[in-house]
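**Q** This is the structure I want to talk about, given as structure tokens.
The values are calculated or read from the model by the stated rules, or taken from the named source; none is laboratory data. Remember, predicted model here, so these are calculated numbers, not experimental data. Virtual Cβ from ideal backbone geometry, glycine too; neighbours counted across all protein chains shown.
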Amino acid sequence: MIKVIYNLLVNITGIFIRVLAIFSRKIRLGVIGRKESFNKIASSINENEKVIWIHCSSLGEYEQGLPVIKKLKEKYNSHKIVLTFLSPSGYEVKKTSSEVDLVIYLPLDSNRNSKKFIKALHPELVVFVKNEIWPNYLKYIKKYKIKSALVCGLFKKDDIKFSWPFNFLANSILKFDYVLVQDEESKNTIQSLGHNNTHVCGDTRFDRVDSTSSQDDSIKYIDQFKSDKLCLVAGSIWKEDQIILVDYINGSKENIKFILAPHEIDKNKINSLRNSINKPSILYSKISEYNIDRNVLIIDNVGMLARLYKYANLAYIGGAMGSSGLHNTLEPAAFGIPIIIGKNYSKFPEAKKMISLGGMFSVNNLQEFEKHVESFTRSKLTAGEIGQINLNFILKNKGATNKIMNYL
């Protein structure tokens with residue numbers, strides 16, 4: 001009965017999304033993209049080719065899965081690698097990725113779509129990244145005896161998916177050949193369902209950020225913008241983060257350069273942010289040697305943030321001041337700098353760990369933010385020692401990719 005309800009809800013969701021697409025460009029991109037998925041498979045994959053299918057929900061999961069994708073390319077160099085996304089925020093950024101052979105949207109998890117998709121793609125190996133669980137796709141993966149693995153899984157016993165009636169979703173995990181998780185709690189949770197091929201491999205994000213920080217990947221004009229000043233990079237910031245940051249910038253007498261990277265690249269919102277700052281500012285799209293002396297640089301593109309932390313003496317990571325969710329704190333940690341975040345971080349184990357180690361600081365308001373920033377600006381030695389704590393945390397937790405590849 002639960003399966004019948006699920007399939008009905010999937011079909012209703014498809015209708016509902018098409019209605020919402022009239023009013024939302026982002027949703028419309030997904031609707032149009034999913035219509036094209038089968039045609040793209042037909043034009044790019046022939047029936048004799050060997051295929052590996054990697055599925056990521058969005059951009060964050062892609063970054064997490066990328067070290068595994070690179071290793072799969074090395075190990076299975078005669079296979080084509082197909083990458084699917086659920087979200088436009090992942091697909092639109094990576095649709096031309098050179099790391100894989102084909103990037104498409106994943107059609108909705110209806111019984112018809114999933115069967116048609118699996119038969120058209122005929123993969124020899126399927127890898128889902130993190131907590132992606134799609135019952136109908138997993139049903140046909142199992143039915144056609146395709147090797148499968150969920151990697152970088154992170155689960156808690158009190159997750160809603162493990163409670164009735166949602167445990168129908170959780171039980172679909174049993175259809176994976178391997179469930180490769182980040183920690184012991186996740187392993188115990190999945191084993192309690194009866195899955196005996198569950199192994200702790202760790203989190204590939206540590207490998208990913210370590211690789212990024214090791215690259216000599218300079219960004220034009222940033223060195224000149226920073227000059228010999230201290231630089232605070234605020235990454236993936238939302239409205240709640242911007243309120244504190246703008247208040248600090250406008251009132252600060254410290255000799256600091258600020259780089260602000262909003263999470264949403266929206267022209268009107270970025271102009272509003274810029275207008276709220278009373279110090280000289282410039283958009284990255286407008287920067288040149290003639291206006292490089294501004295105090296504040298606002299990033300108005302996607303894909304640059306991870307490399308910007310290379311220039312930072314201190315990072316603020318957005319999302320935890322409100323309810324949108326803390327963004328990637330491992331990226332700045334890999335560059336060995338202190339990190340400040342907002343107050344809502346309880347669901348992010350890496351943040352909890354770095355706070356307990358003393359490399360990250362949570363703030364509730366402007367006053368607390370100001371106290372931490374000023375302590376770092378007055379003592380480069382202290383900031384360096386604190387940043388080293390974060391770098392050591394990254395180095396200690398590397399190696400998940402190689403462990404995962406032992407099962408693939």
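**Q** Given L326, L305, which one is touching a residue at least 60 places away in the same chain (Cβ under 8 Å) and crowded, with 18+ Cβ neighbours inside 10 Å?
**A** Criteria check complete, one pass: L305.
**Q** Would you mind finding the one in Y309, Y316, Y290 that is in a helix (DSSP H, G or I) and aromatic (F, W, Y)?
**A** Result: Y309 is the single residue among Y309, Y316, Y290 that is in a helix (DSSP H, G or I) and aromatic (F, W, Y).
**Q** Can you tell me which residue in segment 27-80 is farthest from N131 (Cα to Cα), limited to those that are of a type in the set (S, T, N, Q) and in contact (Cβ under 8 Å) with a residue 60 or more places away in the chain?
**A** S37
**Q** Could you look through segment 342-374, keep only residues that are surrounded by 15 or more Cβ atoms within 10 Å (Cβ to Cβ) and hydroxyl-bearing (S, T, Y), and pick out the one that is nearest to the chain's Cα centre (by Cα)?
**A** Y345
**Q** Another question, then. Quick check on my filter: what residues within segment 378-392 are buried (at least 18 other Cβ atoms within 10 Å of the Cβ) and modelled with pLDDT under 90?
**A** Result: A383, single match.
**Q** Show me the helices (runs of 4 or more DSSP H) entirely contained within segment 161-217 in which 1 or more residues are touching a residue at least 60 places away in the same chain (Cβ under 8 Å).
**A** Here the list reads 167-171, 205-214.
**Q** Same structure, new question: Out of all the residues in segment 30-66, which are touching an Asp or Glu at 6+ places or on another chain (Cβ under 8 Å), of a type in the set (D, E, K, R) and crowded, with 19+ Cβ neighbours inside 10 Å?
**A** E61
**Q** Pairs needed: first member in segment 388-406, closer than 17 Å to V181 by Cα; second member anywhere, in a loop (DSSP other than H, G, I, E, B); C-beta distance under 6 Å; at least 6 residues apart or different chains.
**A** A400/C201; A400/G202; A400/D203; A400/T204; T401/T204; K403/C201; I404/C201
**Q** Could you pull out the residue among I69, I27 that is under 25 Å from the mean Cα position of the chain (by Cα) and buried (at least 18 other Cβ atoms within 10 Å of the Cβ)?
**A** Step by step, each of I69, I27 is checked, and only I69 is under 25 Å from the mean Cα position of the chain (by Cα) and buried (at least 18 other Cβ atoms within 10 Å of the Cβ).
**Q** Oh, and also: Of the conditions (1) in contact with an Asp or Glu (Cβ under 8 Å, 6 or more places away or on another chain); (2) modelled with pLDDT of 95 or more; (3) part of a loop (DSSP other than H, G, I, E, B), P123 satisfies every one except a single condition; which number is it?
**A** P123 satisfies all of (1) in contact with an Asp or Glu (Cβ under 8 Å, 6 or more places away or on another chain); (2) modelled with pLDDT of 95 or more; (3) part of a loop (DSSP other than H, G, I, E, B) except (1).
**Q** For S285, only one of the following conditions fails: (1) over 22 Å from D203 (Cβ atoms); (2) in contact (Cβ under 8 Å) with a residue 24 or more places away in the chain; (3) hydroxyl-bearing (S, T, Y). What is its number?
**A** Condition (2) is where S285 drops out.
**Q** Does at least one position in segment 349-357 carry a residue that is in contact (Cβ under 8 Å) with a residue 24 or more places away in the chain and either more than 19 Å from D210 (Cβ to Cβ) or touching an Asp or Glu at 6+ places or on another chain (Cβ under 6 Å) (or both)?
**A** no
**Q** Taking the condition of a type in the set (S, T, N, Q) and over 21 Å from V127 (Cα atoms), does S186 pass?
**A** No; evaluated as a whole, the condition is false for this residue.
**Q** Something else now. Taking S213, is it under 21 Å from A383 (Cβ atoms) and crowded, with 18+ Cβ neighbours inside 10 Å?
**A** Answer is yes for this residue.
**Q** Then there's this: So P280 fits all but one of (1) closer than 16 Å to A234 by Cβ; (2) surrounded by fewer than 22 Cβ atoms within 10 Å (Cβ to Cβ); what number is the exception?
**A** Going through (1) closer than 16 Å to A234 by Cβ; (2) surrounded by fewer than 22 Cβ atoms within 10 Å (Cβ to Cβ) one by one, P280 breaks only (1).
**Q** Follow-up. It is to be established whether one or more residues within segment 239-247 are in contact with a Pro (Cβ under 8 Å, 6 or more places away or on another chain), part of a strand (DSSP E or B) and either surrounded by 22 or more Cβ atoms within 10 Å (Cβ to Cβ) or assigned by TED's automatic domain parsing to the domain that holds H327 (or both).
**A** Scanning segment 239-247 turns up no residue that is in contact with a Pro (Cβ under 8 Å, 6 or more places away or on another chain), part of a strand (DSSP E or B) and either surrounded by 22 or more Cβ atoms within 10 Å (Cβ to Cβ) or assigned by TED's automatic domain parsing to the domain that holds H327 (or both).
**Q** Let me ask something else about it. Which numbered condition trips up N46, out of (1) farther than 18 Å from L108 by Cα; (2) polar (S, T, N, Q); (3) at pLDDT 95 or above?
**A** Failing condition for N46: (3).
**Q** Looking at segment 3-22, I want the residues that are closer than 11 Å to D109 by Cα and have a partner that is surrounded by 12 or more Cβ atoms within 10 Å (Cβ to Cβ) and among the charged types (D, E, K, R) with Cβ atoms under 8 Å, at least 6 apart or on another chain. Which pairs are those?
**A** V10/D109
**Q** Here is a further query. Counting just the residues of segment 253-268 that are touching a residue at least 12 places away in the same chain (Cβ under 8 Å) and more than 30 Å from E92 (Cβ to Cβ), which one comes out surrounded by the fewest Cβ atoms within 10 Å (Cβ to Cβ)?
**A** N255
**Q** All but one of (1) in contact with a Lys or Arg (Cβ under 7 Å, 6 or more places away or on another chain); (2) closer than 30 Å to Q64 by Cβ hold for S281; which doesn't?
**A** Failing condition for S281: (2).
**Q** What do you reckon, is S148 surrounded by 16 or more Cβ atoms within 10 Å (Cβ to Cβ), among the polar types (S, T, N, Q) and at pLDDT 95 or above?
**A** Considered against the rule, which asks whether it is surrounded by 16 or more Cβ atoms within 10 Å (Cβ to Cβ), among the polar types (S, T, N, Q) and at pLDDT 95 or above, S148 comes out as yes.
**Q** Still on this structure, please answer the following. Considering only segment 218-228, state which residues are basic (K, R) and either assigned to a helix (DSSP H, G or I) or within 26 Å of I394 (Cβ to Cβ) (or both).
**A** Within segment 218-228, K226 is the sole residue that qualifies.
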